[in-house]
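The values are calculated or read from the model by the stated rules, or taken from the named source; none is laboratory data. What you see is a predicted model; the values in this text were computed from it and never measured. Cβ coordinates were reconstructed from backbone atoms using ideal geometry, including for glycine residues, and neighbour counts include every protein chain displayed. Calculation scope for accessible area: heavy atoms of the full protein, side chains included, ligands and nucleic acids excluded. Shrake-Rupley method; radii C 1.70, N 1.55, O 1.52, S 1.80 Å.
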Amino acid sequence: MKNLTLKYNFIFILILNGFWVNAQLSPAEVKTLKQNINSATADLTSLQSDFTQTKHLDFMENDVKSSGKLYFKSKSKIRWEYSSPFSYYVIFNNEKMFVNDNGQKKETELSSSKLLKDLNKIMLGTVQGSTVLDESKFKIAYWRSGSDYLAKMTPTDKTYKKYIQQIELTFDGKTYLLKKIKTIEPSLDYTLIEFRNQKKNITVADEKFAFK
Amino acid sequence: MKSLLLSSLILISSCASYTKSFKEKERTVEIYSPGYLKNFKEKSFKISIDAFGNHFGGILVAKKLDNNHYRFALINEFGGKLMDFELKNNEFQLNYAIEQLNRKIIINLLKKDFLLLFSEQNRIDHEFDNQSFIILESSIPNLKQPVYYYLNPETEKPESIILAGKKEKVKITFTESSNSVPDAEVTHGKLPIKIYLHLLENN
């Protein structure tokens, strides 16, 4: 009998613990979280970060892994650079997009396509977490995840629904910077981007945003 | 009259068989599979497509599910899935494609190119010699024209695969490399569409 009680206590603690680790935030907590994310990006003048990208396809045994660096300079200069498995980078600067695909270069005006404008917005959103939480196109639920915060975004927009089942954003509980992005497709294949070594407001050379 | 003669001459020459200049020899191979498909489990490639002045880059993943059964996915650099398709016993099956790529002309092009690259256990109908290559002629189900494997006479590795009726329709050229799958460049006759594949080693 004593053993049984112990067992139930143990299960109870496990459940309780589970709730604590992944508890949905109250409206007041959501408000505070949003304020913290906003102020973390309000004073952001630059950011440099390493990232790894994992593409999971259900039919493949191994995930496809890529890695590189992200550079941002206020207000809207951004360089998203893969160094592995091959060199590829995209720069957004001055309403233009520049792609260097292993030496093959291309420059495009952002005004030429809505898709590019959206891509630019998404990339900036990965730095300025506040703009990525777009409640006009997503239903968003906020959770506590260990010492971090998790925003689960389900698209309400028709076009987004075709490509995305859910986006999970993890914000660092201390810096309130975006730490992980998991994009789940309707087929349940997903892409996970994890940021490491985030350096806020350090000097990033203008050279990084030159189209070459 | 002169122009009629000229045009019939052109017609005759264009009808000449693709293998006209080849010397047929006794068949030494009955069934042929390209060497790079042996021990193929799953691999990823950098894929580049240049079509009508536009450049597209991304990653192609390929998995062998069985003999003559492969599954592929085309993803962009940021991980977005653009296409997912299978080749099973020479039949093409589309599992998913974004709207912009879900077009007959694109699907047919990929179907041809991937059948040429990934067909195994192909029955050889004829064998030829020219000065530099051993050439195997095969007919792959679901391809209208014959397929020619150009093998290096010393290594017996394929240096190119050509789909040709009277004229060359598709040509795949391999670049010698130490990788298990050589780099491949696919051209489509006069059509300005080129596809490049390069094996990624760390995946």
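Some observations on this one:
- For the pair B:His126 and B:Asp50 in one chain, pulling the backbone fully straight at 0.36 nm per residue adds 24.0 nm over the alpha carbon distance.
- Loop-located trypsin sites (Lys or Arg not before Pro) across the range A:59-128 with a Cβ neighbour count of 15 or fewer within 10 Å are A:Lys75, with loop assigned by DSSP.
- Using a 1.4 angstrom probe on protein heavy atoms only, the contact between B and A buries about 2300 square angstrom of accessible area, both sides summed.
- Chain B, helix-only ellipticity at 222 nm - DSSP H runs n ≥ 4, -39,500 (n - 2.57), divided by all residues, nearest 500: -4500 deg cm²/dmol
- Whether the protein assembly as shown is rounded, prolate or oblate, judged on the alpha carbon gyration tensor where a/c under 1.5 counts as rounded: prolate
- Eigen-decomposition of the gyration tensor built on the alpha-carbon atoms of the range A:24-209 gives equivalent ellipsoid semi-axes of 25, 21, 17 angstrom, largest listed first.
- Rounded to the nearest 500, the helix-only mean residue ellipticity at 222 nm of chain A stands at -9000 deg cm²/dmol, with each DSSP H run of n ≥ 4 adding -39,500 (n - 2.57).
- Cα-projected label distance for A:Asp118 with B:Lys104, points at 7 Å along beta-carbon direction, nm: 2.7
- Spin-label model, B:Ser160 to A:Ser39: label points 7 Å out along the Cα-to-beta-carbon direction sit 6.8 nm apart.
- Between A:Arg196 and B:Asn39, the FRET efficiency estimated from the beta carbon spacing at R0 = 30 angstrom works out to 0.30.
- Figure legend: label point modelled 7 angstrom from the Cα of A:Ala28 along Cα→Cβ; residues of the range A:136-164 with amide N under 18 Å from it are A:142-144.
- Between the helical axis of A:2-21 and the longest alpha-carbon principal axis of chain A there is an angle of about 30 degrees.
- Measuring gaps between exposed loop sites in chain B (GluC sites (Glu not before Pro); DSSP loop; at most 14 other Cβ atoms within 10 Å), the longest gap, sites not included, is B:31-153.
- For chain A, the longest piece that avoids every one of the GluC sites (Glu not before Pro) found in DSSP loops with at most 13 other C-beta atoms within 10 Å covers A:136-212.
- Three-way shape call for chain B based on the alpha-carbon gyration tensor, with the a/c threshold at 1.5: oblate
- Loop-located trypsin sites (Lys or Arg not before Pro) in the range B:80-160 (DSSP state not H, G, I, E or B) with no more than 15 neighbouring Cβ atoms inside 10 Å: B:Arg103, B:Lys144.
- Modelled spin-label separation between A:Thr159 and A:Glu109, with each label point placed 7 Å from Cα along the Cα-to-Cβ direction: 2.0 nm.
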